[in-house]
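A.B. asks: Here it is, the structure, as structure tokens.
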Amino acid sequence: MNYSQLIQQLNQGNLAPVYLILGDQEYLAGRIKDAFVKIIPDNERSMNIGNYDMEDTTISAAVEDAISVPFFGERRLVMINRPYFLTGMRTKSKLDQNIDDFLEYLKHPEESTVMVIFAPYDKLDSRKKVTKALKKVATTIEIGNLRENEIKKLVTDKIAAAGFKIDHDALDRMVELTGGKLTAMMSDLPKLILYNNDTKVIDLASVNGLVSKSMEQNVFDLVNSVLAKNPKQSMDIYHQLILENDEPIRINAVLIQQFRLLLQVMILQKHGYSQGNLASTLKVHPYRVKLAMQTIRKFNYDQLREAYIGLVDTERQMKSAQRPPELLFELFVLKFMKSVS
């Protein structure tokens, strides 16, 4: 089920006992939370809505709330956030999560309770018993990897609701600058609407002036400048990222991820994978796949592999702290450009 289908279902009053909202889309997650809250009457919300963060609270507390009888109402809403125990990730939380309580609840969900689990992750650990049990019971809504046309529709609908329009080239540029991140695009809309209040039309000039490039987009530009053997542009972009308070080792890690993605896309594309299949197989944003496909048309496998290996070696040296990280990156750029010249 997708976001639109969920909202339609909730508006019709068709409710499931357990929902799993999977994906890191802060804007959509917020909209979904608001939609679920509306199923509880205003005067009952303080007593019949529970909100639990699993990095601060135990799942047992949420389950105990879920099995409670609604207080002067027909329904309880229990929202569970950041259920890290469904993933393979480590957390700083020292809570003792009694997963058995949750597993027992999933066997017989309370009829008067709607439990909504917000998992802001790219994927869950499907090998875990608790994940398998949840997926059998829950209605799952994936909000993480929206297609570009879905993102554009959500943005244009929001703009239209405010009585504005947006030029096609301006919308394309917003997608480009934000890396196709819906939450970032929605965050930029208020200032674009205010700036274009007289014309009621968001144009390309205002997008270029008011929307900042995401780190991912800057890294994409950096990747292309390195591959294009343009040292000055590469260092200019790199130093701009440093000025924006991005740590050198983090920049290097994102570069490694990007070159790994380019190699994966190149290999899988040769095996007949389409753009849509690539995004779902690699569990990455479809817009990143689109950009990767544009990049690999210009370069060969050996160049990408050489850059990837060089960045991995640079990361190793950065962690050993033998030389300044900025110098190590400069040496990587010069060495790579010399090796592929």
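A.B. asks: So, LYS158, is that one part of a helix (DSSP H, G or I), open to solvent by 80 Å² or more (accessible area, probe 1.4 Å) and without any contact (Cβ under 8 Å) to a residue 12 or more places away in the chain or not?
C.D. replies: It is false that LYS158 is part of a helix (DSSP H, G or I), open to solvent by 80 Å² or more (accessible area, probe 1.4 Å) and without any contact (Cβ under 8 Å) to a residue 12 or more places away in the chain.
A.B. asks: Of everything in segment 115-143 that's among the small types (Gly, Ala, Ser) and open to solvent by 20 Å² or more (accessible area, probe 1.4 Å), which residue is farthest from the chain's Cα centre (by Cα)?
C.D. replies: Within segment 115-143, the match that is farthest from the chain's Cα centre (by Cα) is ALA133.
A.B. asks: Please enumerate the residues belonging to segment 1-22 that are surrounded by fewer than 19 Cβ atoms within 10 Å (Cβ to Cβ) and in a helix (DSSP H, G or I).
C.D. replies: SER4, GLN5, ILE7, GLN8, GLN9, LEU10, ASN11
A.B. asks: Test ILE159 against the criterion of being among the β-branched types (Val, Ile, Thr) and farther than 22 Å from TYR52 by Cβ, and give yes or no.
C.D. replies: So ILE159 passes the test.
A.B. asks: Here are the criteria: (1) in contact with a helix residue (DSSP H, G or I) (Cβ under 9 Å, 6 or more places away or on another chain); (2) assigned to a helix (DSSP H, G or I); (3) surrounded by fewer than 20 Cβ atoms within 10 Å (Cβ to Cβ); (4) not small (Gly, Ala, Ser). Tell me which single one LYS213 does not satisfy.
C.D. replies: The one condition LYS213 does not meet is (2).
A.B. asks: Report every pair of residues separated by at least 6 positions or lying on different chains whose Cβ atoms are under 8 Å apart, first residue within segment 73-101 and closer than 20 Å to LEU124 by Cβ and assigned to a loop (DSSP other than H, G, I, E, B), second open to solvent by 80 Å² or more (accessible area, probe 1.4 Å) and at pLDDT below 95.
C.D. replies: Partner pairs satisfying both residue conditions: THR87/LYS123; SER93/ASP56; LEU95/ASP56.
A.B. asks: Still on this structure, I have one more. Any idea which of GLN294, GLN322 is more than 20 Å from PRO231 (Cβ to Cβ) and assigned to a loop (DSSP other than H, G, I, E, B)?
C.D. replies: GLN322
A.B. asks: How many of the residues in segment 62-72 are modelled with pLDDT under 95 and either among the β-branched types (Val, Ile, Thr) or in a helix (DSSP H, G or I) (or both)?
C.D. replies: Of the residues in segment 62-72, 1 are modelled with pLDDT under 95 and either among the β-branched types (Val, Ile, Thr) or in a helix (DSSP H, G or I) (or both).
A.B. asks: Just give me the residues in segment 130-189 being over 30 Å from ILE59 (Cα atoms) and of a type in the set (Lys, Arg), in sequence order.
C.D. replies: The answer is ARG147, LYS152, LYS153, LYS158, LYS165, ARG173, LYS181.
A.B. asks: Across segment 235-247, which residue is farthest from PHE329 (Cα to Cα) among those that are out of contact with any Phe, Trp or Tyr (no Cβ under 9 Å at 6 or more places or on another chain) and not in a loop (DSSP other than H, G, I, E, B)?
C.D. replies: Taking the candidates together, the pick is LEU243.
A.B. asks: Related question: Just to check your reading of the model, which residue among HIS271, HIS239 is open to solvent by 50 Å² or more (accessible area, probe 1.4 Å) and within 24 Å of LYS319 (Cβ to Cβ)?
C.D. replies: HIS239
A.B. asks: So which residues in segment 23-53 are in contact with a Phe, Trp or Tyr (Cβ under 9 Å, 6 or more places away or on another chain), outside any loop (DSSP other than H, G, I, E, B), open to solvent by less than 40 Å² (accessible area, probe 1.4 Å) and more than 22 Å from GLU110 (Cα to Cα)?
C.D. replies: Selection gives LEU28, ALA29.
The values are calculated or read from the model by the stated rules, or taken from the named source; none is laboratory data. Only a predicted model underlies this, so the values are computations on that prediction, with no experimental measurement involved. Quick reminder, even Gly has a Cβ in these numbers, built from the backbone with ideal geometry, and neighbours come from all protein chains shown. These area figures cover heavy atoms from the full protein model, side chains too; ligands, DNA and RNA do not enter into them. Shrake-Rupley method; radii C 1.70, N 1.55, O 1.52, S 1.80 Å.
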